[in-house]
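What follows is a set of notes on a single structure, which appears directly below.
Since every read-out is calculated from the coordinates, none of them should be taken as a lab result. This is a predicted model, so every value here is computed, not measured. Cβ atoms come from the backbone with ideal geometry, glycine included; neighbour counts cover every protein chain shown.
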């Protein structure tokens with residue numbers, strides 16, 4: 001068993017959370033605990049989740065019934081966690097056959113003394129197209145996902161022939177990874193006081209990774225040769241506009257940590273233009 005607390009926030013839409021839970025047990029490595037964190041769910045939806053959780057000795061439901069703030073929910077859940085390593089996971093993510101062994105590898109990586117956040121490659125539901133393979137800053141713009149919308153098979157093939165600069169099958173050091181699936185050792189998370197609760201929905205993952213880097217820890221995307229997951233992006237919440245507050249907070253961290261004309265120090269925009 002791996003000393004991991006998996007933290008999965010949810011609000012209603014129990015079918016997503018149940019699918020996530022089912023695939024964690026089918027394709028994931030054994031972990032200390034899975035915390036399903038309800039945020040103002042209805043009684044019926046919550047009951048369905050609780051009934052499913054009872055079938056697994058390492059799974060429990062906890063409730064954070066306050067106004068939605070992704071970062072507050074995760075910080076509170078982290079304070080309840082018993083594992084040495086925290087794995088923050090969206091409930092619209094599923095593990096697949098190609099996920100086998102990935103949690104163990106991410107756990108091993110997260111425990112390295114110089115590593116902070118550890119992410120992984122996420123595919124869209126078609127299991128062919130990249131949704132996330134790390135985060136980078138576009139010069140004069142905002143953060144984006146490496147190779148988003150590209151064919152995973154083509155990216156792998158082109159990287160193998162040297163046609164692409166960044167081979168996602170191997171571990172890559174990055175500025176950030178998405179909080180949709182990010183692992184970090186609890187003592188390091190606590191050292192930087194967790195997620196920044198000034199963010200509401202988006203941007204806090206970049207901030208988390210950058211503050212971990214300020215504390216001396218690398219951000220690593222685990223190579224997809226070690227496994228990948230599926231992300232049903234944004235199905236777990238309504239497609240509301242990103243709050244202005246999140247844009248403002250993101251701008252603060254961009255101008256503090258990046259040369260906004262040159263962009264990301266790890267993933268260079270010029271190298272990505274022909275990907």
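Suppose a student asked you for the relative contact order of the range 11-129, using Cα pairs under 8 Å spaced at least 6 residues apart; what percent would you report? Could you put the intermediate results ahead of the total?
On the way: 115 pairs, mean separation 37.5, N = 119.
So the answer I get is 32 percent.
Put in order of Cβ neighbour count within 10 Å, fewest first, the listed residues 64, 244 become 244, 64. Listed by Cβ neighbour count within 10 Å, with the fewest neighbours leading, 220, 148, 49 appear as 148, 49, 220. When only Cα pairs below 8 angstrom with a gap of at least 6 residues are kept, the chain shows a relative contact order of 23 percent.
Anisotropy class assigned to the range 167-264 is rounded, per the alpha carbon gyration tensor with a/c under the 1.5 cut-off. Each principal axis of the Cα cloud of the chain was taken in turn, and the coordinate range along them, longest first, works out to 51, 38, 37 Å. The angle between the Cα long axis of helix 204-214 and the main principal axis of the chain comes to about 60°, on a 0 to 90 degree scale.
Sort out for me the Cα centre separation of the range 184-204 from the range 115-137, rounded to whole Å. Here the answer is 19 Å between Cα centres.
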